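**Q** Before anything else, here's the structure in question.
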Amino acid sequence: MLSEQSSYPAELTHVDCMSAAEKYLAERSVDIILLDPGLPDAQGLGAIRRAHAAAPRVPLVVLTGLDDESLAEQALQEGAQDYLIKGQIETRGILRALRYATERKRLEWLKDEFVSTVSHELRTPLTSISGSLGLLMGNAAGNLPAPMARLLAIAYTNSQRLVRLVNDILDIEKMEAGRVIFNFRRVEVRSLVEQAIEANRGFAEGYGVRIRLDARTAAADVRADPDRLLQVVTNLLSNAIKFSPRDNEVVVAIDKGTDMVRLTVRDHGPGIPIDFKPLVFEKFAQADARDARQKGGTGLGLSIAKQIVDRLSGEVGFADAPGGGTIFHVQLPCWDHVANLTIDRDAKPDAVRVLLCEDDLDTALNLREHLRRIGLATDFAYSVSDALASAAATQYRAILVDIHLPDGDGISLIVRLREMPQYRDTSIIVVSADPGRGRDDLRSSKLNVLDWLNKPIDFDRLMRTLAKSVVHDPSRRPRILHVDDDNDVARALSEIADVVTVNSIEAAQRALKAGDFDLAVLDVALAKTASPDLLPELRDSKGNVIPVVVFSAKGADLASDAQEQAMLAKSHSSIDSLVAAVRDRLASRSAGVSREIA
Amino acid sequence: MTDIRILLVDDEPDIRAVVDVSLGLDPEFRTRACASGADALVMAAQWSPSLILLDVMMPVMDGPATLANLRKDPRTAYIPVLFLTARTQIGEIEHFVSLGAQGVLAKPFDPMTLAARVRSHLPLPAGRHAS
């Protein structure tokens with residue numbers, strides 16, 4: 001539709017999945033992204049987040065058939081400039097929306113740059129002011145007459161407040177640009193909360209408010225960055241304190257669920273006005289414009305808390321408290337739950353196992369999902385020490401290493417893995433969020449690293465690399481690409497081979513790029529529609545044609561064009577006959593190989 | 001007991017004044033200040049300070065460039081350098097340290113504890129050195 005509109009001076013590039021988009025955006029720059037968030041490899045909000053993360057500086061417009069108000073709202077919060085619904089907008093409307101989106105994004109970018117520059121510039125005079133006042137307070141205040149000492153204290157307190165404000169602004173700016181590194185580890189929530197309560201006691205006393213830890217509070221371990229989590233609890237506490245009437249209390253409680261730990265902060269304040277509720281986590285949001293001055297807040301605390309909790313793979317929210325006031329809650333993954341995820345339990349028992357050393361849980365889960373499509377089981381290690389322990393306990397066929405790990409860097413991990421005799425020649429792939437630290441690093445040059453990928457990860461390339469190095473093995477079970485959605489067939493085939501089942505041509509093409517197969521099993525209907533697209537691609541990495549067995553549950557005949565392909569076998573209409581035909585095919589493959597050897 | 005010589009390099013006169021007073025809280029510290037990287041190179045070579053406090057963002061020759069030049073001159077190559085900066089993101093701290101700095105102090109700093117923090121970055125007392 002857009003390409004027909006000659007008045008729009010644009011060059012249009014079309015990609016059909018998120019990994020292709022991420023790859024494209026990593027290599028080239030574009031002026032605008034038009035996204036349908038119903039892609040084979042990314043849907044809904046996840047697709048919007050990934051597109052935004054792949055190019056945070058590029059305006060993103062969502063164009064979808066899905067008329068969903070709440071998704072539209074979330075899309076805009078996640079960084080999209082507009083949410084357009086197919087059928088409700090004409091081409092000219094789309095073009096106008098694209099121009100507006102570009103302009104809005106440009107202004108947003110200018111604003112972010114401005115905020116960053118101003119914040120840094122503010123620190124220089126602030127350093128002089130707060131430094132001078134701090135020295136006076138520390139040395140001379142005792143010798144001053146009371147009224148002057150009081151004025152000095154006011155100047156000093158307010159300079160500190162200004163420092164906090166500038167820090168908050170910089171924090172949020174860094175967080176939004178994805179430049180904050182999190183150090184994940186096991187954190188005992190109760191003692192962290194006690195620490196936060198202690199640190200805020202003085203602040204609470206200033207407001208005539210008490211903070212109490214609920215008696216039923218249990219000890220619970222979560223996986224988090226302790227400094228960042230402390231910042232979240234501090235922000236929630238200071239928010240609750242500021243909105244509490246004098247002589248009231250703020251109650252903190254911790255509840256341990258099966259997968260999540262829930263932390264709640266209850267105040268007895270006036271509650272959040274209904275029309276302000278959607279804005280609570282927005283930047284500079286204050287229910288009443290006078291609040292900022294009256295309460296001494298920056299309007300950034302809750303926004304920062306939400307950004308941090310998102311990065312901790314958790315959830316933050318609030319509700320009216322029974323009897324007045326508000327309860328804020330934070331849910332974080334239990335340490336035990338996260339520890340349980342380290343072993344890929346959903347993979348087939350005989351799947352090839354690889355180890356992923358990555359401390360970001362969401363990234364790790366996403367990678368596991370991708371690697372499962374090429375038949376790999378992915379175990380996680382969240383730190384260097386975890387990785388060394390897992391590698392010693394299980395023999396992995398490949399290891400993926402994130403350069404940044406909480407207890408050391410990926411390069412030293414690889415050095416130590418290479419010292420283990422069983423990993424001297426194992427495929428190791430580096431994943432790095434920091435393009436500045438490249439493979440030219442002196443130490444890394446001798447480590448025999450198979451590939452070096454920058455984040456966002458190019459999944460196609462990763463899967464190709466892994467498939468080439470890992471999935472090949474002379475003594476391995478045969479591999480079948482099964483293009484169908486029939487589970488019974490997949491189950492029957494998995495008796496005799498490793499089966500990768502996909503249900504679309506696109507997915508089949510991806511699987512073919514990612515790994516070699518000995519045989520393809522196609523549903524007849526798919527074979528008909530797919531033959532021009534898929535059949536020419538049915539080749540392994542050496543260019544050999546992959547034999548095809550066509551299967552029809554309905555017993556239908558093959559399409560004539562498919563029959564013309566010499567590699568097609570006859571149609572099979574029962575699972576038993578299909579398995580028999582597949583066995584034959586695989587046997588003749590082995591025979592062929594042995595003849596070549598003889 | 002010998003004096004501990006601190007060379008402060010910052011283009012902001014007010015910050016030089018505050019740092020000077022803050023470091024003065026430690027009776028063993030003797031502080032000299034200059035306003036540019038070029039001056040710092042000359043002064044460091046002549047005065048042989050025990051440690052250099054170096055501002056990152058300065059016109060003409062910035063902190064990292066000054067550090068690189070200090071490392072090239074055998075008279076100043078060994079002097080420990082602490083960066084003083086308003087930019088303190090984790091990645092940046094690692095970057096500064098990888099350039100050969102001893103550490104990074106954030107602006108705004110707490111003037112009452114600045115001297116103690118600088119002291120913690122000093123090399124071992126002279127008596128323990130082989131030279």
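Bear in mind that the values in this text are calculations on the coordinates, not laboratory data. Since this is a predicted model, take the numbers as computed values, not measurements. So basically every Cβ, Gly included, is an ideal-geometry build from the backbone, and we count neighbours across all protein chains shown.
**Q** Express in nm, to one decimal, how much length is gained between A:Thr13 and A:Ser70 on full extension, taking 0.36 nm for each residue of separation and deducting their alpha carbon distance. Could the numbers behind the result be given before it?
**A** Details: separation 57, 0.36 × 57 = 20.52 nm, distance 2.90 nm.
Roughly 17.6 nm would be gained on extension.
**Q** Then there is this: Pop a pseudo-label 7 angstrom from the Cα along the beta-carbon direction at both A:Arg539 and A:Leu95 and give the gap in nm to one decimal.
**A** The answer from the label model is 4.2 nm.
**Q** Set the Förster radius R0 to 41 Å, insert the Cβ-Cβ distance between A:Leu365 and A:Glu249 as r into 1/(1 + (r/R0)^6), and round the FRET efficiency to 0.05. Mind showing how you got there, number by number?
**A** On the way: r = 39 Å, r/R0 = 0.96.
So the FRET efficiency works out to roughly 0.55.
**Q** Further question on the same structure: Can you give me the Rg/Rh ratio for the range A:153-281, using Cα atoms for both radii and the Kirkwood formula for Rh? Before the final figure, lay out each step's value.
**A** Values: Rg = 16.0 Å, Rh = 16.3 Å.
Ratio value, two decimals: 0.98.
**Q** Report, in debye and to the nearest 20, how large the dipole of the range A:341-471 comes out about its Cα centre when Lys and Arg carry +1 and Asp and Glu carry -1 on their Cβ. Before the final figure, lay out each step's value.
**A** Working: 18 positive and 21 negative charges, 116 e Å.
The dipole magnitude comes to about 560 debye.
**Q** Compute from the Cα atoms of the range A:341-471 the Rg and the Dmax, the latter being the longest Cα-Cα distance, and quote both in angstrom.
**A** 13.3, 39
**Q** Partner chain Cβ atoms within 10 Å, averaged over the residues of B:6-15 - can you pull that number for me? Write out the running numbers ahead of the final one.
**A** On the way: counts 0, 0, 0, 0, 2, 1, 4, 1, 7, 5.
Going residue by residue through B:6-15 and averaging, the value is 2.
**Q** Using the crude model of +1 on Lys and Arg Cβ and -1 on Asp and Glu Cβ, and no other charge, please compute the dipole size for chain B relative to its Cα centre, in debye to 20.
**A** On the way: 12 positive and 15 negative charges, 96 e Å.
Roughly 460 debye for chain B.
**Q** Out of A:Gly325, A:Leu152, A:Ser412, whose Cα points farthest toward the positive end of the dipole of chain A (charges: +1 Lys, Arg; -1 Asp, Glu; placed on Cβ)?
**A** A:Leu152
**Q** Okay, next question. Tell me which of A:Gln395, B:Ala38, A:Ala520 sits at the most positive position along the dipole axis of the protein assembly as shown, charges placed on C-beta atoms (Lys, Arg +1; Asp, Glu -1).
**A** Positive-end residue among those listed: B:Ala38.
**Q** Between B:Ala45 and A:Asp227, what's the calculated FRET efficiency when r is the beta-carbon distance and R0 is 41 Å? Round to 0.05.
**A** Calculated value: 0.55.
**Q** Further question on the same structure: State the volume of the convex hull built on the alpha-carbon positions of the protein assembly as shown, expressed per residue in Å³ and rounded to an integer.
**A** On the way: hull volume 168.3 nm³, N = 729.
In the protein assembly as shown, the Cα convex hull volume per residue is 231 Å³.
**Q** Okay, next question. Figure the gain on full extension for A:Asp346 and A:Asn487 (residue separation times 0.36 nm, minus the Cα-Cα span) and round it to one decimal in nm. Don't skip to the answer; put the middle values down first.
**A** Details: separation 141, 0.36 × 141 = 50.76 nm, distance 1.60 nm.
Residue separation times 0.36 nm, minus the Cα-Cα distance, leaves 49.2 nm.
**Q** Need the full-extension length gain, A:Glu108 to A:Lys446, defined as separation in residues times 0.36 nm minus the C-alpha distance. One decimal, nm. Numbers along the way, then the final one.
**A** Numbers: separation 338, 0.36 × 338 = 121.68 nm, distance 4.44 nm.
Extra length available between A:Glu108 and A:Lys446 comes to 117.2 nm.
**Q** What order, most packed first, do the peptides A:250-257, A:110-117 have when packing is the mean number of other Cβ atoms within 10 Å of each residue? Let's see the in-between values first.
**A** Details: A:250-257: 19.0, A:110-117: 12.1.
Listed from highest to lowest mean packing, they are A:250-257, A:110-117.
**Q** Report relative contact order for chain A in percent, whole number only (criteria: Cα-Cα under 8 Å, sequence separation at least 6). All intermediate terms of the calculation are to be shown ahead of the outcome.
**A** Details: 931 pairs, mean separation 43.1, N = 598.
Averaging sequence separation for qualifying contacts and normalising by length gives 7 percent for chain A.
**Q** Let me ask another. Return the lysines within reach of A:Lys306: Cα separation strictly under 18 angstrom, same-chain partners fewer than 8 residues apart disregarded; answer none if there are no such residues.
**A** A:Lys174, A:Lys277, A:Lys283
**Q** Could you name the lysines whose alpha carbon sits less than 29 Å from that of A:Lys468, not counting residues in the same chain fewer than 8 places away?
**A** Cross-link targets: A:Lys23, A:Lys348, A:Lys446, A:Lys455, A:Lys513, A:Lys542.
**Q** A further question on this structure: Roughly how big is chain A's charge dipole about its Cα centre, with Cβ charges of +1 (Lys, Arg) and -1 (Asp, Glu), in debye to the nearest 20? Before the final figure, lay out the partial values.
**A** Values: 73 positive and 86 negative charges, 288 e Å.
In total the dipole reaches around 1380 debye.
**Q** Using the Cα centre of the protein assembly as shown as origin and beta-carbon charges of +1 (Lys, Arg) and -1 (Asp, Glu), tell me which of A:Ala377, A:Ala196, A:Val222 is placed farthest towards the positive end of the dipole.
**A** Result: A:Ala196.
**Q** Could you give the DSSP H helices of chain A that reach 30 angstrom or more along their long axis (alpha carbon positions) and whose average Kyte-Doolittle hydropathy is no lower than -0.5? Mind dumping the intermediate values first?
**A** Numbers: long enough: A:91-139 (70 Å, -0.24); A:146-176 (45 Å, 0.18); A:575-597 (33 Å, 0.19).
The qualifying helices are A:91-139, A:146-176, A:575-597.
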